[in-house]
Amino acid sequence: RVNGTSSDLATKTFTMATGTDYTVRFYAKGSTLRVYINGNLELTATDTSIASGKPYFATYNAQCEFDDVVVTAEP
(Lines give C-alpha, C1' and ligand atoms only; values in the text may rest on other atoms or scores of the structure.)
Protein backbone atom coordinates (compact mmCIF):
# COMPACT_ATOMS: atom_id res chain seq x y z
CA ARG A 1 0.00 0.00 0.00
CA VAL A 2 1.57 3.25 -1.12
CA ASN A 3 -0.11 6.65 -0.68
CA GLY A 4 -3.43 4.96 0.05
CA THR A 5 -3.33 2.73 -3.03
CA SER A 6 -2.97 -1.04 -2.74
CA SER A 7 -1.46 -3.29 -5.36
CA ASP A 8 -0.94 -7.05 -5.43
CA LEU A 9 2.64 -8.23 -5.76
CA ALA A 10 1.55 -11.86 -5.77
CA THR A 11 -1.59 -13.76 -4.83
CA LYS A 12 -2.42 -17.23 -3.63
CA THR A 13 -5.62 -18.71 -2.21
CA PHE A 14 -5.40 -20.42 1.18
CA THR A 15 -8.00 -22.55 2.91
CA MET A 16 -7.86 -22.00 6.64
CA ALA A 17 -10.11 -23.55 9.25
CA THR A 18 -12.17 -21.38 11.57
CA GLY A 19 -10.91 -21.49 15.15
CA THR A 20 -7.48 -22.81 14.13
CA ASP A 21 -4.26 -20.90 14.87
CA TYR A 22 -1.65 -20.51 12.15
CA THR A 23 1.91 -19.24 12.36
CA VAL A 24 2.50 -16.75 9.55
CA ARG A 25 5.98 -15.34 8.96
CA PHE A 26 6.89 -12.59 6.54
CA TYR A 27 10.55 -12.17 5.63
CA ALA A 28 11.64 -9.10 3.70
CA LYS A 29 15.19 -8.89 2.42
CA GLY A 30 16.21 -6.41 -0.25
CA SER A 31 13.33 -6.25 -2.71
CA THR A 32 12.03 -9.78 -1.97
CA LEU A 33 9.23 -10.76 0.40
CA ARG A 34 8.74 -14.40 1.42
CA VAL A 35 5.65 -15.68 3.24
CA TYR A 36 5.65 -18.86 5.33
CA ILE A 37 2.58 -20.50 6.85
CA ASN A 38 3.25 -23.06 9.57
CA GLY A 39 6.87 -23.25 8.43
CA ASN A 40 6.13 -23.85 4.74
CA LEU A 41 7.17 -21.32 2.10
CA GLU A 42 3.87 -20.40 0.43
CA LEU A 43 4.52 -17.19 -1.50
CA THR A 44 7.40 -15.11 -2.83
CA ALA A 45 7.16 -11.62 -4.33
CA THR A 46 9.66 -9.06 -5.55
CA ASP A 47 9.20 -5.29 -5.78
CA THR A 48 12.16 -3.03 -6.48
CA SER A 49 10.12 0.19 -6.30
CA ILE A 50 10.05 0.44 -2.49
CA ALA A 51 13.33 0.74 -0.58
CA SER A 52 11.91 0.97 2.96
CA GLY A 53 8.70 1.16 4.94
CA LYS A 54 6.69 -0.20 7.82
CA PRO A 55 4.81 -3.51 8.08
CA TYR A 56 1.11 -3.37 7.28
CA PHE A 57 -1.35 -6.25 7.76
CA ALA A 58 -4.78 -6.44 6.16
CA THR A 59 -7.29 -8.97 4.88
CA TYR A 60 -9.58 -8.88 1.88
CA ASN A 61 -13.08 -10.39 2.11
CA ALA A 62 -12.11 -12.07 5.36
CA GLN A 63 -12.04 -11.49 9.09
CA CYS A 64 -8.74 -12.14 10.79
CA GLU A 65 -6.93 -11.37 14.03
CA PHE A 66 -3.19 -10.73 14.19
CA ASP A 67 -1.40 -11.13 17.51
CA ASP A 68 2.13 -11.57 18.77
CA VAL A 69 3.49 -9.53 15.85
CA VAL A 70 7.27 -9.10 16.07
CA VAL A 71 9.49 -7.37 13.52
CA THR A 72 13.07 -8.61 13.43
CA ALA A 73 15.90 -9.05 10.96
CA GLU A 74 15.76 -12.19 8.84
CA PRO A 75 17.81 -15.04 10.30
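The values are calculated or read from the model by the stated rules, or taken from the named source; none is laboratory data. Values in this document were obtained by computation on a predicted structure and should not be read as measured data. When we count neighbours, we look across all protein chains shown, and the Cβ atoms used for this are built from the backbone with ideal geometry, even at glycine. For accessibility, only protein heavy atoms count, side chains too; no ligands or nucleic acids. Shrake-Rupley method; radii C 1.70, N 1.55, O 1.52, S 1.80 Å.
With the chain treated as a Gaussian network of Cα nodes joined by springs under 10 Å, which of A62, A17, A28 yields the largest mean-square fluctuation?
A62
If you place +1 on the Cβ of every Lys and Arg, -1 on the Cβ of every Asp and Glu, and leave all else neutral, what size is the dipole of the chain about its Cα centre, to the nearest 20 Debye?
Result for the chain is approximately 260 debye, rounded to the nearest 20.
Short version: ³J(HN,Hα) in whole Hz for each residue of the range 53-67, in order, from phi by Karplus 6.51 cos²θ - 1.76 cosθ + 1.60 (θ = phi - 60°), x for Gly and Pro, what are they?
My calculation for the range 53-67 gives x, 10, x, 9, 10, 8, 10, 10, 6, 7, 10, 8, 10, 10, 9 Hz in order.
Loop-only chymotrypsin sites (Phe, Trp or Tyr not before Pro) in the chain, please: DSSP not H, G, I, E or B, and at most 15 other Cβ atoms within 10 Å.
Qualifying residues, ordered by number: F14, Y22, Y56, F57, Y60, F66.
For the chain, with the dipole built from +1 on Lys and Arg beta-carbon atoms and -1 on Asp and Glu ones, taken about the Cα centre, which of M16, Y27, S52 lies farthest toward the positive end?
S52
How high is the relative contact order of the chain, given as a whole-number percent (alpha carbon pairs under 8 Å, six or more residues apart)?
It rounds to 22 percent for the chain.
Under a 5 Å amide H to amide H cut-off, with H placed in plane at 1.01 Å, what residues pair with E42 once short-range neighbours are removed?
Those lying under 5 Å, H to H, from E42 are V35, Y36, I37.
Hey, if we sort R25, R34 by accessible area with the 1.4 Å probe, largest down, what's the order?
On the way: R25 125, R34 65 Å².
Of R25, R34, the descending order of accessible area is R25, R34.
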